[in-house]
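Q: Please see the structure below; I have some questions.
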């Protein structure tokens, strides 16, 4: 069961395996706590803020792309 | 208690379909739209894989134009991100290999299982209930970043694509040229390792 917990969180397991895990979890506080800590780890990772691309880098890239297009056309 | 549901967001697929349409029509604004949509994500991914900002910037500059040119041939909007991250992952790995040789390290499940000595009282905080204090939130984010940096690069890339870039298992497998079972195995071990690092950091 331990090896399938990420698939369980991701909803990637067959329903009967999910039910088996649900049944075990209902009577196993240590496994409940472990699953919660794994779920929270995933949530914290997903909660990391997005990186922004600086405006000057966008301008540089657009200019570089424009030049490659022009050289390709000529 | 049911399973969580971490799926591939539908709005992402729709936005990618619009973007691909603009690229195929040769819309003059499409390249800038593409850069604004994916440039930050590519920079962030490059930072976390290559380990420094300069390398990430170089990777983004090298790959955004290269990947964009190939996107005209991509028919399925769901394949856009797999294709893009395939180009970027390869560029990051090439750059890392030039820098230093890194032995491949597999993580065994046994070393990632909770030990008997693990502090039962240590609770990983809920992302939706972090303190209002910005300094405390930033400290937690830095702990997550540090944990991600400790992952072996093969595992780190899978975790980044699945949990940060939110690619599906199939898209991640396509991007990294792996089978889906390997993606699932590496993702699980990466999450377990990150969890272990967070528990140790919070102890």
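Q: Gap in Å between the Cα centre of the stretch B:69-85 and the Cα centre of the stretch A:33-74?
A: So the two Cα centres are separated by 16 Å.
Q: Right, next: Two decimals is fine: what is log10 I(q)/I(0) at q = 0.11, 0.17, 0.18 Å⁻¹ for the stretch B:10-99, from a Debye sum with one equal scatterer on every Cα and no solvent?
A: With one equal scatterer per Cα and no solvent, log10 I(q)/I(0) is -0.30, -0.68, -0.75.
Q: Related question: From zero outward in steps of 5 Å, how is the percent of C-alpha pairs of the stretch B:127-166 spread across the bins?
A: 6, 21, 23, 21, 16, 11, 3
Q: If you fit an axis through the alpha-carbon atoms of helix B:180-202 and take the longest principal axis of the Cα set of chain B, what angle between them do you get, 0 to 90°, nearest 10?
A: The angle comes out at about 50 degrees.
Q: Based on the alpha carbon coordinates of chain B, what radius of gyration and maximum Cα-Cα distance (Dmax) apply, in Å?
A: Radius of gyration, then largest Cα-Cα span, for chain B: 18.4, 61 Å.
Q: Have a look at B:67, B:91, B:129 and tell me which one the Gaussian network model of chain B (Cα, springs below 10 Å) gives the largest fluctuation.
A: Of B:67, B:91, B:129, the most mobile in the Gaussian network model is B:129.
Q: Still on this model: In terms of the ratio Rg/(2.2 N^0.38 Å) built on C-alpha atoms, what value belongs to the stretch A:16-71?
A: Working: Rg = 23.8 Å, N = 56, 2.2 N^0.38 = 10.2 Å.
Compared with the compact-globule rule of thumb, the stretch A:16-71 sits at 2.34.
Q: Now, a different point. Report Rg (one decimal) and Dmax (nearest whole number) for the protein assembly as shown, counting Cα atoms only, units Å.
A: 20.2, 72
Q: Taking the number of other C-beta atoms within 10 Å as the exposure measure, put A:4, B:156 in order starting with the fewest. Write down the numbers at each step before the final one.
A: On the way: A:4 16, B:156 19.
Starting with the residue having the fewest Cβ neighbours, the order is A:4, B:156.
Q: Would you mind ranking A:34, A:2 by Cβ crowding within 10 Å, fewest neighbours first?
A: Numbers: A:34 19, A:2 13.
Fewest-to-most Cβ neighbours within 10 Å comes out as A:2, A:34.
Q: If we count other beta carbons within 10 Å of each Cβ, what is the order of A:28, A:18, fewest first? Before the final figure, lay out the partial values.
A: Details: A:28 13, A:18 17.
Taking fewest neighbouring Cβ atoms as first place, the list is A:28, A:18.
Q: Using Cα atoms only, what is the angle between the long axis of helix B:53-70 and the major principal axis of chain B, expressed in degrees (0 to 90) to the nearest 10?
A: Computed tilt is about 40 degrees.
Q: Using a 10 angstrom cutoff on alpha carbons, build the Gaussian network for chain B and name the most mobile of B:66, B:171, B:78.
A: B:66
Q: Which angle from 0 to 90°, rounded to the nearest 10, does the C-alpha axis of helix A:55-73 make with the longest principal axis of chain A?
A: 60 degrees
Q: What is the mean number of Cβ atoms from other protein chains located within 10 Å of the Cβ atom of each residue in peptide A:9-17, rounded to a whole number? The partial results should precede the final answer.
A: Working: counts 6, 12, 6, 7, 1, 0, 1, 0, 0.
Taking all residues of A:9-17 together, the mean is 4.
Q: Taking only Cα atoms and a 10 Å spring cutoff, compute GNM fluctuations for chain B and point out the largest among B:108, B:181, B:33.
A: For chain B, modelled as a Gaussian network with Cα springs under 10 Å, the answer is B:108.
Q: Determine the shape class of the stretch B:109-202: with a ≥ b ≥ c the square roots of the Cα gyration tensor eigenvalues, call it rounded for a/c under 1.5, and otherwise prolate if a/b is greater than b/c, oblate otherwise. Please report the intermediate quantities before stating the final value.
A: Details: a/c = 2.48, a/b = 1.46, b/c = 1.70.
Since a/c reaches 1.5 but b/c is at least a/b, the shape of the stretch B:109-202 is classed as oblate.
Q: So for the stretch B:163-203, Kirkwood radius off the Cα pairs, Stokes-Einstein at 20 °C and 1.002 mPa s: how many µm² s⁻¹?
A: On the way: Rh = 11.1 Å.
Result for D is 192 µm²/s.
Computed from the coordinates by the stated procedures, all read-outs in this text should not be read as laboratory data. Everything numeric in this text was worked out from a predicted model, so none of it was measured. No Cβ is skipped: glycine too gets one built from the backbone with ideal geometry, and neighbour counts run over all protein chains shown.
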